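The values are calculated or read from the model by the stated rules, or taken from the named source; none is laboratory data. Remember, it's a predicted structure, so these values are computed and weren't measured experimentally. Cβ atoms come from the backbone with ideal geometry, glycine included; neighbour counts cover every protein chain shown. What goes into the accessible areas is simple: the full protein's heavy atoms, side chains included, and nothing from ligands, DNA or RNA. Shrake-Rupley method; radii C 1.70, N 1.55, O 1.52, S 1.80 Å.
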Amino acid sequence: MAENKMGTMPEGRLIITMSFPIMLSMLMQALYNIVDSAFVARISEDALTAVSLAFPVQLLMIAVATGAGVGVNALLSQRLGQKRQDDADAVAVNGIFLAVCCWIVFAVFGLLFGRRFIALFTDAAAVIEMGTSYVTVVTAASCGVFLLFVAERLMQATGNTVYHMITQLIGA
């Protein structure tokens, strides 16, 4: 079995080789949000309002996905550092299962309570309709968000940040 670079590479070089891809990926994510808002604002003010009202749900999904991913990252890093490969494999599988469970919870929320959530903040029928549609789509299709965050942290735990950067760049 090849040695994990997390335990063998000099610290300075390790920080640079791991941080640059992560920073570039975060920049790409921020640009997605800016470009999305600019395009939605061209449709109408109501459309931008609807997307803005749905933003807390998206932010909560990202927070849960990040938290799950960080937990999986820490546990996987420990197991790899302890040279317990079978346990590390189990952590990775369970992390993916956790991501799917989180997706199901948010998808059910969006499908059952999306309209009520948006209606808490506005009485405008057009905004409620667009916001409900947006929340429903965002939550029902959020499986990729949860799997992405967990997969990214799995790759980070093994010292491989370049692949995530490449997928972010391809998506952009």
Which value, in Å² rounded to 10, gives the accessible area of Arg79 with a 1.4 Å probe and all protein chains present? 50 Å²
Roughly speaking, what is the centre-to-centre gap between the stretch 27-54 and the stretch 89-122 when only Cα atoms are used, to the nearest Å? 22 Å
Cα long-axis angle, helix 45-81 against the chain (0 to 90 degrees, to the nearest 10): 20 degrees
So which residue, out of Asn73, Asn94, Asn33, gets the largest mean-square fluctuation from a GNM of the chain using Cα contacts under 10 Å as springs? Asn33
Cα long-axis angle, helix 162-171 against the chain (0 to 90 degrees, to the nearest 10): 20 degrees
Degrees separating the helix 125-140 axis from the principal Cα axis of the chain, which is the longest one: 20 degrees
Given (i) 50, 37, 29; (ii) 60, 29, 21; (iii) 51, 41, 30 as possible values of Cα extents along the principal axes in Å, the one from the coordinates is (ii)
Counting helices only, and only those DSSP H runs with n ≥ 4, report the 222 nm mean residue ellipticity of the chain as the sum of -39,500 (n - 2.57) divided by its residues, in deg cm²/dmol to the nearest 500. -30500 deg cm²/dmol
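Give me the extension gain from Thr17 to Asp86: residue separation times 0.36 nm, minus the current Cα-Cα distance, reported in nm with one decimal.
Taking Thr17 through Asp86 to full extension adds about 22.1 nm, to one decimal.
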Along Cα→Cβ, 7 Å out, is where each label goes; now give me the distance between the ones at Asn160 and Leu31 in nm to one decimal. 2.5 nm
